[in-house]
Amino acid sequence: MFLMQLGVMALDRAGLASIPEDEAVWCAALRHLTRDFPDDAPASGRRYAAQPGFM
């Protein structure tokens, strides 16, 4: 359920109306959710005490 919600949030924020089939488009949409972290820290599991990952 969480991954489905994450996908919908990524598509919505990226302004996409359909599900992309290209991996690069998915990566860009997911990274847009955490654009404040250019090093992909939330997705890689590294922790920031004051700023949690996706949830």
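Could you run the Karplus curve 6.51 cos²θ - 1.76 cosθ + 1.60 with θ = phi - 60° over region 15-21 and give me ³J(HN,Hα) per residue in whole Hz, x for Gly and Pro?
Rounded to whole hertz, the list is x, 8, 9, 10, 6, x, 9.
Figure the gain on full extension for ASP40 and ILE19 (residue separation times 0.36 nm, minus the Cα-Cα span) and round it to one decimal in nm.
That works out to 5.3 nm of additional length.
All of the numbers you see were taken from the coordinates with simple rules; none came from a lab. Bear in mind that the values here come from a model prediction, so they are computed numbers and not experimental data.
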